[in-house]
1. Given bins 5 angstrom wide, list per bin the percent of all Cα-Cα distances in the stretch 1-42, short to long.
2. Once both labels are modelled 7 Å past Cα along the beta-carbon direction, what's the residue 5-residue 35 spacing in nm?
3. Taking the Cβ-Cβ separation of residue 15 and residue 42 as r and a Förster radius of 35 Å, what is the calculated FRET efficiency to the nearest 0.05?
4. Place the peptides 27-37, 8-18 in order of packing, highest mean first, counting for every residue the other Cβ atoms within 10 Å and averaging per peptide.
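FYI, it's all coordinate maths here, none of it is from the lab. For clarity, every value in this text was computed on a predicted model and none was experimentally measured. Cβ: placed from backbone, ideal geometry, glycine included. Neighbour counts: every protein chain shown.
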C-alpha cells in the first residue's frame, strides 16, 4: 500500500509530461502535413539506376 504513494504521483507526472510533449509537437507543426511524406515515394520519378 505504501508503494502507491510513490507510484500514483509518478504516473500523474508521466501523464502530464506526455500531454505537454504532445501539445509542444502540435504547436511546433509536427502534425500539419501527414499525407505528403507517405506519397513522396510514389511521386519520385527522377531516380535512375546505373546497375
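1. Per 5 Å bin, starting at 0, the Cα pair percentages come out as 5, 19, 13, 13, 12, 11, 9, 7, 6, 3, 2, 0.
2. That separation, rounded to one decimal, is 5.5 nm.
3. 0.40
4. The most tightly packed comes first, giving 8-18, 27-37.
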